[in-house]
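Please treat every number below as a calculation from the coordinates, not as lab data. Please read these numbers as outputs of a predicted model, since none were measured by experiment. Note that each Cβ is placed from the backbone with ideal geometry, even for glycine, and that neighbours are counted across all protein chains shown.
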Amino acid sequence: MNHPASHEAVQAILNRRSIRRFLDRPVSNDVIRDVLRIAARAPSGTNIQPWHVHIVTGDARDRLSNAVVDAARKGLRCDEYAYMPARLKDLHLARRRKVGHDLYDLYGIQRHDLPSRKEAMLRNFHFFGAPVGLFFTMDKYLLAGSWLDSGMFMQNVMIAAQALGLSSCPQQAWCEYGRLVHEVLGIPDEQILLSGMAIGYEDTSADENKLRTERADVHDFTTFHSL
Ligand SMILES: Cc1cc2nc3c(=O)[nH]c(=O)nc-3n(C[C@H](O)[C@H](O)[C@H](O)COP(=O)(O)O)c2cc1C
């Protein structure tokens with residue numbers, strides 16, 4: 001790379017990873033407000049800033065975790081929207097399987113041990129031990145452009161958090177229990193839940209945080225058009 005890879009913005013982007021075990025160390029509301037203030041500089045088409053954020057900590061966090069873990073154990077899914085098509089193309093399926101296998105290997109879970117995989121998955125609903133959970137929503141009547149805007153905002157949240165010494169894990173898993181998240185947090189029906197996100201301080205001793213995901217080479221996903 002010709003540009004300085006030591007640049008703080010580049011470092012925050014390169015160092016961000018999805019973290020799946022957090023320390024039991026509180027994060028102040030002021031720091032969360034700072035992260036969101038920075039993140040809200042995200043661009044959005046015609047600057048409509050479609051995002052809302054619902055923040056859960058303390059008792060509200062525990063109440064939500066208990067309700068969703070209970071529903072998940074009973075198999076009471078209530079999906080907010082379809083994140084993935086029912087069938088993925090081979091290339092996408094292979095990437096999805098790779099990250100899943102790598103993660104279960106770090107957890108020490110055999111690939112065919114479905115009960116243990118389910119238990120590991122349920123850790124999502126404890127925010128992987130993070131003290132703060134964020135829920136990103138936007139007005140339901142908005143269209144695809146606002147999903148794009150909201151994704152940029154979410155990425156900004158993760159990069160700003162990283163720059164301020166925090167770690168994160170985006171969590172679409174919560175949307176599998178979207179109706180329940182709405183109910184417990186009193187999120188208005190005119191808002192759609194896009195994703196959850198755990199925020200906190202990384203437990204650097206945890207095996208699952210050793211996951212380093214792969215990326216395709218630039219030439220695999222680019223086409224330069226010059227003539
Ligand atoms: C919108 C979105 C939703 C995600 N949902 C989950 C989730 O529910 N649980 C989880 O453990 N990881 C989730 N991830 C994390 C991805 O697995 C992760 O970003 C990917 O494997 C790349 O790894 P990295 O974030 O460490 O670079 C999600 C990521 C995104 C962008």
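With point charges of +1 on the Cβ of Lys and Arg and -1 on the Cβ of Asp and Glu, referenced to the Cα centre of the stretch 1-147, which listed residue (31, 100, 83) lies farthest in the positive direction of the dipole?
100
Once R0 is set to 25 Å, what does the formula 1/(1 + (r/R0)^6) return for the Cβ-Cβ distance between residue 7 and residue 155, expressed as a FRET efficiency to the nearest 0.05?
E between residue 7 and residue 155, to the nearest 0.05, is 0.90.
Measure off 7 Å from each Cα along the Cα-to-Cβ vector at residue 98 and residue 141, then give the distance between these two points in nanometres to one decimal.
So the two model labels end up 4.4 nm from each other.
Once you charge only the Cβ atoms, +1 for Lys and Arg and -1 for Asp and Glu, what is the size of the charge dipole of the stretch 62-118 about its Cα centre, to the nearest 20 debye?
Numbers: 13 positive and 8 negative charges, 46 e Å.
It works out to roughly 220 debye.
Provide the per-residue ³J(HN,Hα) series for the stretch 190-196, in order, calculated from phi with Karplus coefficients 6.51, -1.76, 1.60 and θ = phi - 60°, each as a whole number of Hz, with x at glycine and proline positions.
Coupling constants for the stretch 190-196: 6, 9, 9, 7, 8, 5, x Hz.
Can you give me the long-range amide H partners of residue 195? Hydrogens built in the peptide plane at 1.01 Å from N, cutoff under 5 Å, separation of 5 or more residues or another chain.
Under 5 Å from the amide H of residue 195 lie the amide H atoms of 136, each far enough along the sequence or on another chain.
Based on other C-beta atoms within 10 Å, arrange 134, 143 from fewest to most. Don't skip to the end; give the middle numbers.
Details: 134 24, 143 9.
Neighbour counts put them in this order, fewest first: 143, 134.
Please state the charge dipole magnitude for the chain, taken about the Cα centre, from unit charges on C-beta atoms (+1 on K and R, -1 on D and E), reported in debye and rounded to the nearest 20. Walk me through the numbers on the way to the answer.
Values: 28 positive and 27 negative charges, 95 e Å.
Charge dipole, the chain, about its Cα centre: 460 debye, nearest 20.
Check the straight Cα-Cα distances from residue 89 and name the lysines below 25 Å, setting aside those fewer than 8 residues away within the same chain.
Output for residue 89: 98, 118.
Put a dot 7 Å past each Cα toward the Cβ at residue 84 and residue 106; how far apart are the dots in nm?
Taking the two extended label points, one gets 1.8 nm.
Given a Förster distance of 45 angstrom, what is the FRET efficiency for residue 219 paired with residue 59, based on the Cβ-Cβ distance and rounded to 0.05? Please report the intermediate quantities before stating the final value.
Details: r = 51 Å, r/R0 = 1.13.
The pair residue 219/residue 59 has a calculated efficiency of 0.35.
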